[in-house]
Amino acid sequence: MEQGEAAPPAAEEKGGEEEDDFGYRLFPDRNKKPQSFLVRSLFTFHNRCQLMLRMTLDTNPYAQLLLEAMKQSGCTVFNDRHFSCENCDGCVSGGFDSATSQIVLCQNNIRQQSHMNRVVTHELIHAFDHCRAHVDWFKNVKHLACSEIRAANLSGDCTLMNEIARFKFGLKGHHQTCVRDRAIRSILAVRKVSKETAEKAVDEVFDACFNDLEPFGRIPHSKTDARRAYKDFQNRDRYNANL
């Protein structure tokens, strides 16, 4: 999750306590009536978001592999149906709304193509998990933690260049540390739980979820790795078809 990239489903009451909106406060446009195409076309942010999204879906090997994997899993992704460019809170870049099976892209916060590539990949991993498994995004924080670990691990969130840009440096084990920290931050952004609860959930599922590399089959540390993973994925399906 990129600074709170997972937008979980609808809110529910918590036994007399403050209502937990499951992160929707970060995505205010989720509760607004959709604007007409003419109105939306007048806003530069929206046009830029749509153009960058199309570039990602057409050229980015991370996204292309995930789209193909979801299609084979029976969850074909359609641009107009499953992606929505919206204005969000200033601290988030995107989110996966499991209630509508829709990926939210924060048009006011995504300004570079490389950022769009990473956000789309991150959220497609959540969508892939939603497609292939019975993820309880609402009540089971371990399920959320697992998907956040996988998204941070496989989307490029924790590449060396991204970590350097964040002024974070490390040697052995730094990738795992980055994945853990970003998963915890993501949970805290969309759930009203304590830091201790988030840390415990991440630690309890970390090994299993960090080593779950589907559909990539490897940790894609670069576009070159992602292209190889995409080619291997296509070849794997071809070999299976010949059995």
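The values are calculated or read from the model by the stated rules, or taken from the named source; none is laboratory data. Values in this document were obtained by computation on a predicted structure and should not be read as measured data. Every residue, glycine among them, receives a Cβ derived from its backbone with ideal geometry; neighbour counts consider all protein chains shown. Side chains included, ligands, DNA and RNA excluded: accessible areas come from the protein's heavy atoms. Shrake-Rupley method; radii C 1.70, N 1.55, O 1.52, S 1.80 Å.
Worth a mention:
- Residue check, Ser73 among the hydroxyl-bearing types (Ser, Thr, Tyr), modelled with pLDDT under 95, open to solvent by 10 Å² or more (accessible area, probe 1.4 Å) and in contact with a Pro (Cβ under 8 Å, 6 or more places away or on another chain): no
- Contact map, region 176-194: first residue within 15 Å of His122 (Cβ to Cβ) and touching a residue at least 24 places away in the same chain (Cβ under 8 Å), second residue part of a loop (DSSP other than H, G, I, E, B) and open to solvent by 20 Å² or more (accessible area, probe 1.4 Å), Cβ cut-off under 8 Å, separation 6 or more or different chains; pairs are Cys178/Lys168; Cys178/Gly170; Arg185/Gln3; Ile187/Val193; Ala189/Gln3; Ala189/Cys91.
- The residues of region 80-115 that are part of a helix (DSSP H, G or I) and of a type outside the set (D, E, K, R), listed by number, are His82, Gln113, Ser114, His115.
Every residue, every condition in (1) in the same structural domain as Thr159 (by the TED database); (2) more than 15 Å from the chain's Cα centre (by Cα); (3) surrounded by fewer than 23 Cβ atoms within 10 Å (Cβ to Cβ), yes or no:
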{"position": "Arg54", "(1), (2), (3)": "no, yes, yes"}
{"position": "Gln64", "(1), (2), (3)": "no, no, yes"}
{"position": "Glu68", "(1), (2), (3)": "no, yes, yes"}
{"position": "Phe78", "(1), (2), (3)": "no, yes, yes"}
{"position": "Arg81", "(1), (2), (3)": "no, yes, yes"}
{"position": "Ile110", "(1), (2), (3)": "no, no, no"}
{"position": "Gln113", "(1), (2), (3)": "no, yes, yes"}
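- Asn79 passes every criterion in (1) in contact with a strand residue (DSSP E or B) (Cβ under 9 Å, 6 or more places away or on another chain); (2) at pLDDT below 95 apart from (1).
- Residue in region 116-126 that is outside any strand (DSSP E or B) and open to solvent by 50 Å² or more (accessible area, probe 1.4 Å) present: no
- Which numbered condition Asp136 fails, given (1) without any contact (Cβ under 8 Å) to a residue 12 or more places away in the chain; (2) acidic (Asp, Glu); (3) buried (at least 17 other Cβ atoms within 10 Å of the Cβ): (3)
- Boolean, Leu160 is among the hydrophobic types (A, V, I, L, M, F, W, C) and within 19 Å of Asp225 (Cβ to Cβ): yes
- Every condition in (1) among the polar types (S, T, N, Q); (2) modelled with pLDDT under 95; (3) crowded, with 18+ Cβ neighbours inside 10 Å holds for Asn240 except the one numbered (3).
- Elements of type helices (runs of 4 or more DSSP H) in region 144-234, at least 1 residues being open to solvent by less than 70 Å² (accessible area, probe 1.4 Å) and at pLDDT 95 or above: 174-190, 195-210
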